[in-house]
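The values are calculated or read from the model by the stated rules, or taken from the named source; none is laboratory data. All values derive from a computational prediction rather than experimental measurement. Cβ sites come from the backbone with ideal geometry, for glycine too, and all protein chains shown count toward neighbours. Note: accessible area is taken over every heavy atom of the protein model, side chains too, but ligands, DNA and RNA are not part of it. Shrake-Rupley method; radii C 1.70, N 1.55, O 1.52, S 1.80 Å.
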Amino acid sequence: MRKVIVGDIHGCREEVLELLGSVRADWKKDMLIQMGDMVDRGPDPCGVLNVFREFKEEMGERCVLIRGNHEQILMECTRDPEQNDLWSLNGGSKTIRSCWEWGQKLDEWAAWLEEHTVLWYQDEEIFCAHAGARSGRGEENDPEILLWDREAILNNTYGDRLLIVGHTPLSVAAYMDGSGGPVEPLTDGMVRPLPERGMICIDTGCVFGGKLTAMVIEDGRFLLRSVKSKGRRA
């Protein structure tokens, strides 16, 4: 079984459909993990949500949706409209407009996200969280760290079991060993052994004119696939 892990999408529906088509996965048996931040900033956040709702309905537990800070903001703002200014600063107006264009309700999406997204996922090979972690055990981490942290990436401080993250956009995906030293850029299409420890960031800034990246894991090895942004959206 392959694991296909998709980085931050931010409403870039065209790019995610192109990327998912390029990995040649068998969705009847493979696994799909989305790293959070499906919504806000880009042209069609509601369209992206619809794409992944279909995958979730068809794949069940083989489709894992990590909750990003932007999903968290959406959920909180539907409960407390006084936080809408914060959401607007983070691209929430694009999500509101997209839902209006699709004829779908934000509060219904908030309830769906509450039910179907998780703060972390881990198995025998990998640990996935949207932003960062202090411990290699998901349950030992503060939710605020899982949703918002940048320290582990910026300072290369995480060296526990292999962690896959997004949240902090990079020009290329990168591996960090936790030593505090330089990061290692990762090239698309190159098959590599899956590290046991450290962290890999696969947010490559699609909504900012960069790329949308997927990490494909199979038989203890991985490679990256990316598609270029159709243009800066945020």
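Shape summary: the range 66-197 maps onto an equivalent ellipsoid whose semi-axes, from the alpha-carbon gyration tensor, are 31, 16, 14 Å in decreasing order. Using θ = phi - 60° in the Karplus curve 6.51 cos²θ - 1.76 cosθ + 1.60, the 3J(HN,Hα) couplings for the range 125-137 round to 9, 9, 10, 10, 8, 4, 10, x, 7, 9, 10, x, 10 Hz; x is entered for Gly and Pro.
Here, P(r) means the percent of Cα pairs in each 5 Å bin from 0 to the largest distance; for the chain it is 1, 7, 15, 20, 21, 17, 11, 5, 2, 0.
Here the 3J(HN,Hα) profile of the range 5-14, calculated from phi with Karplus coefficients 6.51, -1.76 and 1.60 at θ = phi - 60°, is 10, 10, x, 4, 9, 6, x, 8, 5, 4 Hz, Gly and Pro shown as x. Once the 1.4 Å probe is applied to the protein heavy atoms, the chain comes out at 45 Å² accessible per residue. Over the Cα atoms of the range 178-233, the radius of gyration divided by the Kirkwood radius equals 1.02; this is the Rg/Rh ratio.
Please report, as a whole percent, how much of the solvent-accessible surface of the chain comes from carbon and sulfur atoms (probe radius 1.4 Å). Provide the component values of the computation, followed by the final result.
Working: 5040 of 10610 Å².
That fraction is 48 percent.
Average 1/r across all pairs of distinct alpha carbons in the range 26-75, invert it, and you get the Kirkwood radius: 11.4 Å.
Put a dot 7 Å past the Cα of residue 1, heading toward its Cβ, do the same for residue 101, and the two dots end up 3.6 nm apart. Measuring nothing but how far apart in sequence close Cα pairs (under 8 Å, 6+ apart) lie, relative to its length, the range 2-124 scores a relative contact order of 28 percent. Only Cα pairs under 8 Å and 6+ residues apart enter the sum, and on that basis the relative contact order of the chain stands at 22 percent.
The magnitude of the dipole of the chain, with charges of +1 and -1 set on the Cβ of Lys/Arg and Asp/Glu and taken from the Cα centre, is near 880 debye.
Computed from label points 7 Å out along Cα-Cβ, the spacing between residue 184 and residue 139 is 3.2 nm.
Hey, what's the Kirkwood Rh for the range 28-142 if you take every pair of different alpha carbons, in angstrom?
Kirkwood radius, the range 28-142: 14.8 Å.
Every pair of different Cα atoms in the range 1-93 enters the Kirkwood calculation, which places the hydrodynamic radius at 13.8 Å. Note on the range 143-208 and the range 65-124: Cα centroid distance 24 Å, given to the nearest whole angstrom.
Modelled this way, with points 7 Å down the Cα-to-C-beta line, the labels at residue 118 and residue 18 are 3.1 nm from one another. Applying D = kT/(6 pi eta Rh) to the range 140-231, where Rh is the Kirkwood radius over alpha-carbon pairs, T corresponds to 25 °C and eta to 0.890 mPa s, the Stokes-Einstein value obtained is 180 µm²/s. Within the listed set 41, 221, 13, the Gaussian network model of the chain (springs between alpha-carbon atoms below 10 Å) gives the highest mean-square fluctuation for 221. Computed over the chain, the per-residue total of -39500 (n - 2.57) for DSSP H runs of n ≥ 4 gives a 222 nm mean residue ellipticity of -9000 deg cm²/dmol, rounded to 500.
Excluding same-chain neighbours fewer than eight residues apart, the lysines reachable from residue 94 by a Cα-Cα span under 26 Å are 56, 105, 211, 228, 230. Ordered from largest to smallest accessible area (heavy atoms of protein chains, 1.4 Å probe), the residues 100, 109, 27, 120 come out as 100, 120, 27, 109. Amide H to amide H, with H built 1.01 Å from N, residue 63 comes under 5 Å of 32, counting only residues 5 or more places away or on other chains.
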